[in-house]
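Written below as structure tokens is the structure these notes are about.
The values are calculated or read from the model by the stated rules, or taken from the named source; none is laboratory data. As the structure is a computational prediction, the values presented were derived from the model and not from experiment. Positions of Cβ are generated from backbone atoms using ideal geometry, with glycine treated the same way; all protein chains shown enter the neighbour counts. Ligands, DNA and RNA are excluded from the accessible area calculation, which covers all protein heavy atoms including side chains. Shrake-Rupley method; radii C 1.70, N 1.55, O 1.52, S 1.80 Å.
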Amino acid sequence: GAGVSQSPRYKVAKRGQDVALRCDPISGHVSLFWYQQALGQGPEFLTYFQNEAQLDKSGLPSDRFFAERPEGSVSTLKIQRTQQEDSAVYLCASSLWANRGFGYGYTFGSGTRLTVV
Amino acid sequence: AQKVTQAQTEISVVEKEDVTLDCVYETRDTTYYLFWYKQPPSGELVFLIRRNSFDEQNEISGRYSWNFQKSTSSFNFTITASQVVDSAVYFCANTGNQFYFGTGTSLTVIP
């Protein structure tokens, strides 16, 4: 597609429920990031993929968070046993470039707003 | 450590006024990149500008202009003749191995 697509757009989960958030990057894009944006805050880094390899997962807040990109295209962020503090917008971004330090050419999706009740 | 500070949480201006959004960054890298993104209510982050640390030349693009000063670690963004469509949250960011975003400035342009 023309842009980065994220689904679902909104997700309400009961505390303790598992959720899966999907990101469809732009076709052919090598780099893929996940960010977490709490209400009133800037996005914060969660994890980075270069093709199918997860090169950096230092931002994942706990072992309840898991991300994968098995074929180097679509990525899924899974949160197990959701807690209220997980409520946030989860943004995905992709880029054609492998050098993530450039920060160049990243396209962000519209995000998935997760509300844990 | 990388850090970006946007001290202005919310700004309101009347349409056609000029407005400047402040950004101060911290980095230990000698080569780095600075960005401004716009986040409208729809939620996506829209790229506005990218500057590298070696290029302090200020830039003007239509109603937008940017003032990069390494001496004060600032990368300020000015909108001239603001319009209602400029209402959004604006984020300043720099890069190391990832984007480091500020907390954003919410701009409201009142008609």
Revision key, fill the gap. Taking a crude spin-label model, label points 7 Å out from Cα along the C-beta direction, the B:ALA81 to A:ALA98 distance in nm is 4.6
Exercise for review: Subtracting the Cα-Cα distance from 0.36 nm times the residue separation, let me have the gained length for B:PHE54 to B:ILE110 in nm, one decimal.
Suggested key: 16.5 nm
Check your understanding: Normalised by the number of residues in chain A, what is the relative contact order in percent for Cα pairs under 8 Å and 6+ residues apart?
Key -> 36
Revision key, fill the gap. Of all lysine pairs in the protein assembly as shown that are eight or more residues apart or on different chains, those with Cα atoms under 17 Å apart total 4
Check your understanding: Counting Lys and Arg as +1 and Asp and Glu as -1, what is the net charge of the other residues whose Cβ lies under 14 Å from the Cβ of A:ALA38?
Key -> -2
Check your understanding: So what's the net charge close to A:PRO70: Lys and Arg +1, Asp and Glu -1, counting the other residues with Cβ under 13 Å from its Cβ?
Key -> 0
Review point. For chain A, what % of the accessible area comes from carbon and sulfur atoms, probe 1.4 Å?
Key: 48
Point to revise | Peptides A:17-26, B:48-57 ordered by average Cβ neighbours within 10 Å, highest first | key: A:17-26, B:48-57
Study note, to complete from the structure: Relative contact order of chain B (C-alpha contacts under 8 Å, at least 6 apart) in percent is 39
Point to revise | Electrostatic dipole magnitude of segment A:5-110 [Cβ: Lys, Arg +1; Asp, Glu -1; Cα centre; debye, to 20] | key: 300
Study note, to complete from the structure: With +1 on the Cβ of every Lys and Arg and -1 on the Cβ of every Asp and Glu, the dipole magnitude of chain B about its Cα centre, in debye rounded to the nearest 20, is 220
**Study point:** Extreme residue, positive dipole direction of chain B, given options B:PHE99, B:ASN76, B:PRO41 (C-beta unit charges)
**Key:** B:PHE99
Review point. Taking N as the number of residues in the protein assembly as shown, what is its Cα Rg relative to 2.2 N^0.38 Å?
Key: 1.02
**Study point:** Radius 13 Å from Cβ of A:GLY3, net charge of other residues (Lys, Arg +1; Asp, Glu -1)
**Key:** -2
Exercise for review: Keeping all protein chains in place, calculate the accessible area per residue for chain B (probe 1.4 angstrom), answer in Å².
Suggested key: 48
Point to revise | For chain B, average projected area of the Cα convex hull in nm² | key: 6.6
